[in-house]
Amino acid sequence: MTGQGLLQLALYVVVLVALVKPLGAYMAAVFRGERTFLSPLLGPVERLIYRISGVDPAHESDWTRYAFDALLVNLLGFIAVYALQRLQGVLPLNPQGLGAISPDSSFNTAVSFATNTNWQGYVGEATMSYLTQMLGLAVQNFLSAATGIAVLIALIRGFVRREAGQIGNFWVDFTRSTLHVLLPLSFILAVVLASQGVVQSFAPYQQVTLVEPVVMQEQTVTEQTLPLGPAASQVAIKQLGTNGGGFFNVNSAHPFENPTPLSNFLEMLAILLIPAALCYTFGRMVNDQRQGWALLAAMLVIFVPLLVGAFAAEQAGNPRFDALGVDQAASAMQPGGNMEGKETRFGIANSALWATATTAASNGSVNSMHDSFTPLGGLAPMWLMQLGEVVFGGVGSGLYGMLMFAVIAVFIAGLMVGRTPEYLGKKIEAYEVKMAAIVLLVPCLAVLLGTAVAVMVPAATASVANPGTHGFSEILYAFSSAGNNNGSAFAGLAANTPFYNFALGIAMWVSRYWLMIPVLAIAGSLAAKRATAITAGTLPTHTPLFVALLVTTVLLVGALTFLPALALGPIVEHLQLHGSH
């Protein structure tokens, strides 16, 4: 590792934590219905939306109606994105004349963007028209993120309310998430990114003459096609909404999506900004800010070591090169380490940082190719996904996933001391534990079952570019990404096939909604309970002891569930890399 690289990692974490309180306090005010500095501008717009749509903001619903409304808006989004892809050949804003997308790829992409996964099996600049990118994908980036935030807010109300039958109005939470949080932040970030050179245009692709012609397959190439499009607006929400769907194929490794070190830093910051700030929002809304800081501390305790570990593995380089006498040490003339698949304008530290941030969140965007990471460097982002996307995780979904781990943690603590477990003044009983167990186990089932089927089906193994341990890692990574609604990929797997489009689509769908519904069921159950008085036997859930218990619970579930699979993939590959074969 280098001192400069560690300084870059430290700066990122410091800036992220510094922004948690102001943004978290603002979001708490928004969802409490309090006046903010944007209320004079956005308040009339919000009221107009309710009037046009016929929504009564004062009317609240129970958890079943709340879940129905959330599923309905996501179903409509899926249908819209699927239809746009199938019809884009006859729709406007298609200067390149791109045709309809195949049914299996359209299904996969529609599920992917509706579930906030944004897995991409297609080449964006050669597949999607401007209209499909904007009206389909970019809009879903807002709506899927807003859905996750709304479900979290409903769960928070479950902890706060006493003997209540309602957990809020989904349409109000959904509208406020989009209008007051996602839109203003996205507008600011899009303008800044455009100033850095991220393209934002409706012009057709441009043909330019190469400064230095190149010879490919005995033919001299003198021209290059430069893809354009309204990218800056989509890049902003893809990061802030923890979506990750790139406008271009190589995502934020493309210079038209991420041209400068400043744009790179801001995009990385945007990935974790809202998930981290929601921890403070949680503390403010449950009237105990220590609870939010405890959850944020648990996330950082897991995130920082894995971040440093990924950086160390990449900076150490490839031991096979050491055997050949290649100097891999960092110096004034070279970055050292493993630069394969990384952009020279970002280097190893920022590539490792992005890889861990994007997989800690439910984001999936990349600025380097994870398939080219060292075995241990690739293990860190893979395991972050397998932990359940709860170390920051997606906007809303990451925190409500971590709260499910908190429910399990207090249940375990209650068993150890022989008391009924309590969390935030609510007794955690059999129903809540069962629902939380579903939330924790469904992604594991989707990942492991999907991987097991894929390694046995010829149609799936034919897509593997590197047979052996690394090929297994590619398949495991793909289902880890889909089964945890992340969206990143090892990139060595040819996944745009009927098998993977349908298998990964099903994994994404199951892992989004089989988690969301039990979370809302817990919200409804908790809201109906009365408050429990704090006694000497109550476990404090804001102390370092609880943070340690929570972290241990998260790590044990991840370790016990996925260690055998990781041993067959990246761990064995690492040992082979250092061995003689």
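Packing around the peptides 131-139, 556-564, taken as the average count of other Cβ atoms within 10 Å per residue, puts them in this order, highest first: 131-139, 556-564. Neighbour counting of Cβ atoms within 10 Å sorts the residues TRP119, TRP293, fewest neighbours leading, into TRP293, TRP119.
Could you compute the longest span of the chain free of GluC sites (Glu not before Pro) located in DSSP loops and having at most 16 other Cβ atoms within 10 Å, not counting the site residues? Can you show the working numbers first?
Working: sites that count: GLU34, GLU163, GLU218, GLU340, GLU429.
It runs 430-581.
Applying the Kirkwood pairwise sum to the alpha-carbon positions of the chain produces a hydrodynamic radius of 24.3 angstrom.
The shape of region 1-131 can be summarised by an equivalent ellipsoid whose semi-axes, obtained from the alpha carbon gyration tensor, come to 33, 30, 16 Å from longest to shortest. Taking other residues whose beta carbon is less than 14 angstrom from the beta carbon of THR36, and scoring Lys, Arg as +1 and Asp, Glu as -1, yields +2.
Considering helices alone, the calculated mean residue ellipticity of the chain at 222 nm is -20000 deg cm²/dmol, with DSSP H runs of length four and up weighted by -39500 (n - 2.57) and normalised per residue.
For the chain, list the DSSP H helices whose alpha carbon atoms reach 18 Å or more along the long axis and whose average Kyte-Doolittle value is 0.5 or above? Could the numbers behind the result be given before it?
Working: long enough: 3-31 (41 Å, 1.70); 39-53 (21 Å, 0.37); 63-87 (36 Å, 0.98); 139-160 (32 Å, 1.66); 183-196 (20 Å, 1.99); 261-285 (36 Å, 1.25); 289-316 (40 Å, 1.23); 347-360 (20 Å, 0.69); 397-417 (30 Å, 2.21); 430-454 (35 Å, 1.93); 469-483 (21 Å, 0.37); 498-527 (44 Å, 1.25); 544-566 (31 Å, 2.28).
Span-like helices in the chain: 3-31, 63-87, 139-160, 183-196, 261-285, 289-316, 347-360, 397-417, 430-454, 498-527, 544-566.
Taking amide H atoms as placed 1.01 Å from N in the peptide plane, the amide H of GLU422 lies under 5 Å from those of ILE428, LEU539, each 5 or more residues away in sequence or on another chain.
Express in nm, to one decimal, how much length is gained between VAL221 and GLU340 on full extension, taking 0.36 nm for each residue of separation and deducting their alpha carbon distance. Display every interim value, and only then the final one.
On the way: separation 119, 0.36 × 119 = 42.84 nm, distance 2.51 nm.
Gain in length upon complete extension: 40.3 nm.
What is the Cα centroid distance between region 57-123 and region 2-26, reported in whole angstrom? Measuring centre to centre over Cα atoms gives 34 Å. Other residues lying with their Cβ under 15 Å from the Cβ of GLY148 contribute a combined charge of 0, Lys and Arg counting +1, Asp and Glu -1. At full extension, VAL55 and VAL417 could sit 125.6 nm farther apart than now, given 0.36 nm per residue minus the alpha carbon distance.
Quick note: the coordinates plus some simple rules give every number you see, no bench work behind them. Remember, predicted model here, so these are calculated numbers, not experimental data. Quick reminder, even Gly has a Cβ in these numbers, built from the backbone with ideal geometry, and neighbours come from all protein chains shown.
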